[in-house]
Amino acid sequence: MSVRPKLVFVTGGVVSSLGKGITTASIGLLLKQRGYDVAIQKMDPYLNVDPGTMSPFQHGEVYVTDDGAETDLDLGHYERFAGVTLNKTSNYTTGRIYSEVLTRERRGDYLGKTVQVIPHVTDEIKRAVLSCATKQTDIAIVEVGGTAGDIESLPFLEAMRQLSHERGPGSTVFVHLTLVPYLRTSGELKTKPSQRSTGILRGIGIIPDFLVCRTDRHLEREHFDKLSMFCNVPRNAVIEERDVSESIYEVPVELAKQQLDTLILDKFGLPPNQLDLKDWKDMLQRAVSPSGRTVTIAVVGKYMSLRDAYKSIFEALNHGAVANDVDLDIRAVEAEDLQSGDPERILGGVDGILVPGGFGYRGIEGKVDAVRYARQNRIPFLGICLGLQCAVIETARNVAGLEGADSTEFDQNCSHPVIGLMEEQKSISTKGGTMRLGAYRCVLEEGSLARSVYGRKEISERHRHRYEIDNDYRQTLADAGMSCTGRYPDQDLVEVVERPDHPWFLACQFHPEFKSHPLQPHPLFESFLRHASRSDS
Ligand code: GLN
């Protein structure tokens, strides 16, 4: 291999939300399953330094890596599809690029020059692109967020053009994802938007090598011919990516059928090797047609109208369902509805209840009600991060009888701050400054549910939270039937609580959903779904 790593740039045209992340992740999976060492990266053209401070309504879930980066949710797709482990170099934003450039400027690194978008910002972007690869990386796949033609993505596209030029023929491939809409009134599929958006790329010196066409129906021969001719790509480089009916995990299989992966390798002059998709296809088969019964899981959150806000949770539940060969039915419950509504009407008949992570007071009382319902009705319960905190508040209030028990996140002056900040956190005010982020180890107690589910004494899981269980209340909680069975030993922080008197009640301060893979479902989700599928509620 001449120039390392080879670079695949994935751009998008016409509209946003075309599923570039899933396409990028699918290309990653296919190249990896053909034996290549793959790195995947996302460039986000917005100005926030990272998505950590953005509302889920704006941005969906914030995905967290082992090394504590708060990143775009597409990185979750990359890890889940391609089985890669990502880090701080895997997601850059315009804000992060500029803050680096401005730091260099203040340090005097530019030696008196006028600092400009070209070359200084584009140089920084090029450095960022190459930073995601290690010495072993054969191919780095870089997704550029936004849509071709956006003002803010221009420096990224220019940097990619430069990289392609500098590294020479056979080193870079451009994949352009586009929309081929169907117009119902005229009964036609339209190729013009794709022509326009490849035209925009050509105007900035990028000629796509592949056109991946998002469509809701099959393209006919005439469409392939037209797209090939007017978008200036070879006929076999026009790839159809139809809406999948059952599972996003179908996408790589469909792309492989049209040989997108081997055609990319061919452009790089790399051998195709054998493609091993057996396990993936087996998993897909179970995901699409499970033989077991339907299992209904209530997810009680506060952004339920926005599925992207709980992306990894839904995926991990899916993985758990696939592992148990059952059909998953997610009942999305707005926590606030529980505050005013009848819990029996809202939660009646579910097989399991999950309270996910979150920030802020809205919906808290409804989440606490959901925990109470699960506890009293002996319904399998999984609490994650804020879900653990709600479970602790529920036991403190309703079993231990600590009236007014709360988290200081919601009530600074509550009578029983069962959840609060650690002393050393109290003086820090920068947003994110007090967050516990990324992977921490956790030791599980012998004989606990957690220990038997993981089958191990020590685990490592990712965190994104600020508040902790106050250790002064541990004994009170234990007396109320809630044991702390997982600890971060270095600071004696509670990581896992359980109710041994309940069929399956477990809550964790970390986010197991970030480490669940379709081929390796997370043990907590696997076990939660197994017990939910057996529950006779
Ligand atoms: N808001 C809580 C905290 O900061 C929980 C965070 C979360 O659920 N990710 O501790």
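The values are calculated or read from the model by the stated rules, or taken from the named source; none is laboratory data. If you're wondering where the values come from, they're calculated on a predicted model, not measured in any experiment. Backbone-built Cβ (ideal geometry, glycine too); neighbour counts: all protein chains shown. Calculation scope for accessible area: heavy atoms of the full protein, side chains included, ligands and nucleic acids excluded. Shrake-Rupley method; radii C 1.70, N 1.55, O 1.52, S 1.80 Å.
Counting each DSSP H run of 4 or more residues in the chain as -39500 (n - 2.57), what helix-only mean residue ellipticity at 222 nm follows after dividing by all residues, to the nearest 500 deg cm²/dmol?
Details: 19 runs with 189 residues, N = 537.
Helices in the chain give a 222 nm mean residue ellipticity of -10500 deg cm²/dmol.
What shape does the range 442-499 take by its C-alpha gyration tensor, where a ≥ b ≥ c are the square roots of the eigenvalues and a/c under 1.5 counts as rounded, a/b above b/c as prolate, and the rest as oblate? Numbers along the way, then the final one.
Working: a/c = 1.99, a/b = 1.12, b/c = 1.77.
Oblate is the answer for the range 442-499, as a/c is 1.5 or above yet b/c matches or exceeds a/b.
Rounded, prolate or oblate: which fits the range 62-106 when a ≥ b ≥ c are the square roots of the eigenvalues of the alpha-carbon gyration tensor, with rounded for a/c under 1.5 and prolate only if a/b beats b/c?
Numbers: a/c = 3.02, a/b = 2.71, b/c = 1.12.
It is prolate, given that a/c is not under 1.5 and a/b is the larger ratio.
Accessible area, 1.4 Å probe, largest first: how do Asp472, Asp67, Asp490 sort?
On the way: Asp472 130, Asp67 65, Asp490 95 Å².
Greatest to least solvent exposure: Asp472, Asp490, Asp67.
May I ask you to evaluate 6.51 cos²θ - 1.76 cosθ + 1.60, the Karplus curve with θ = phi - 60°, for each residue of the range 360-371 and list the ³J(HN,Hα) values in order in whole Hz, giving x for glycine and proline?
Per residue, the Karplus-derived 3J(HN,Hα) values read x, 6, 3, x, 4, 4, x, 5, 5, 4, 5, 5 Hz.
Can you bin the range 386-537 into rounded, prolate or oblate? Criterion: square roots of the alpha carbon gyration tensor eigenvalues sorted a ≥ b ≥ c, rounded for a/c under 1.5, prolate for a/b above b/c, oblate for the rest. Before the final figure, lay out each step's value.
Numbers: a/c = 1.86, a/b = 1.25, b/c = 1.49.
Oblate, because a/c is 1.5 or more while a/b does not exceed b/c.
Kindly rank 522-530, 162-170, 398-406 from highest to lowest mean number of other beta carbons found within 10 Å of each residue. Mind showing how you got there, number by number?
Details: 522-530: 23.8, 162-170: 14.6, 398-406: 17.2.
Going by the mean number of other Cβ atoms within 10 Å, highest first, we get 522-530, 398-406, 162-170.
Determine the share of the chain's accessible area contributed by carbon and sulfur atoms, expressed in whole percent, with a 1.4 angstrom probe.
On the way: 10260 of 22170 Å².
Taking all protein chains in place, the chain shows 46 percent carbon and sulfur surface.
Setting aside same-chain residues fewer than 8 positions from Lys226, which aspartates and glutamates have a Cα under 20 Å from its Cα?
The qualifying aspartates and glutamates are Glu188, Asp209, Asp216, Glu240, Glu241.
Just the Cα atoms of the chain: what Rg and Dmax do they give in Å?
Values for the chain (Cα only, Rg and Dmax): 24.8, 74 Å.
I'd like the orientation of helix 311-323 relative to the chain: the angle between its Cα long axis and the longest Cα principal axis, in ° from 0 to 90, rounded to 10.
80
Please list Val14, Val453, Val371 from largest to smallest accessible area, probe radius 1.4 Å, with all protein chains kept in place. Spell out each step's value before the answer.
Working: Val14 55, Val453 30, Val371 0 Å².
Correct descending sequence by accessible area is Val14, Val453, Val371.
Quickly work out the Asp282-to-Glu446 label distance, labels modelled 7 Å from Cα along the C-beta direction, and quote it in nm with one decimal.
The answer from the label model is 3.6 nm.
Measuring with a 1.4 Å probe in the full set of protein chains, what accessible area per residue, in whole Å², belongs to the chain?
Details: 22170 Å² over 537 residues.
Result: 41 Å² of accessible area for each residue.
For the range 123-130, what does the Karplus curve 6.51 cos²θ - 1.76 cosθ + 1.60, with θ = phi - 60°, yield as ³J(HN,Hα) per residue in whole Hz, taken in order and with x for Gly and Pro?
Working through the residues one at a time gives 4, 5, 5, 5, 4, 4, 4, 6 Hz.
Are there any chymotrypsin sites (Phe, Trp or Tyr not before Pro) in the range 272-364 that are in a DSSP loop and have at most 13 other Cβ atoms within 10 Å? List them by number. Display every interim value, and only then the final one.
On the way: sites: Trp280, Tyr303, Tyr310, Phe314, Phe359, Tyr361; in loops: Tyr303, Phe359, Tyr361.
Within the range 272-364, the qualifying chymotrypsin sites (Phe, Trp or Tyr not before Pro) (loop, at most 13 other Cβ atoms within 10 Å) are Tyr361.
How do Met422, Met229, Met482 stack up against each other in accessible area, from largest to smallest, with a 1.4 angstrom probe?
Numbers: Met422 40, Met229 130, Met482 0 Å².
The ranking, largest first, comes out as Met229, Met422, Met482.
Mind listing the long-range amide H neighbours of Val295? Cut-off is under 5 Å, sequence gap 5 or more, other chains count too, H placed in the peptide plane at 1.01 Å from N.
Asp327, Leu328, Asp329
If you stretched the chain out fully between Ser289 and Gln339, how much longer would it get, using 0.36 nm times the residue separation minus the C-alpha to C-alpha distance?
Numbers: separation 50, 0.36 × 50 = 18.00 nm, distance 3.65 nm.
In short, 14.4 nm is gained.
DSSP loop GluC sites (Glu not before Pro) in the range 207-255 with at most 10 other Cβ atoms within 10 Å of their Cβ, which ones?
When the GluC sites (Glu not before Pro) of the range 207-255 are filtered for loop state and at most 10 Cβ neighbours within 10 Å, Glu220, Glu246 remain.
Compute the length gained on full extension between Arg362 and Leu519: take 0.36 nm times their separation in residues and subtract their Cα-Cα distance, giving the result in nm to one decimal. Don't skip to the end; give the middle numbers.
Values: separation 157, 0.36 × 157 = 56.52 nm, distance 3.55 nm.
Here the answer is 53.0 nm.
Work the Kirkwood hydrodynamic radius out for the range 1-76: mean of 1/r over every pair of different alpha-carbon atoms, inverted, in Å. Display every interim value, and only then the final one.
Working: mean 1/r = 0.0701 Å⁻¹.
Roughly 14.3 Å, rounded to one decimal.
Enter the per residue convex hull volume of the range 166-283, computed from alpha-carbon coordinates, in Å³ rounded to the nearest integer.
118
Whole-Hz ³J(HN,Hα) for each residue in the range 134-146, computed from phi via Karplus 6.51 cos²θ - 1.76 cosθ + 1.60 with θ = phi - 60°, x for glycine and proline: what do you get?
With the stated coefficients, the range 134-146 comes to 9, 4, 7, 5, 7, 9, 9, 10, 10, 8, 9, x, x Hz.
Can you report the principal axis dimensions of the range 206-365 using only the alpha carbons, biggest first, rounded to whole angstrom?
60, 33, 29 Å, listed from the longest principal axis down.
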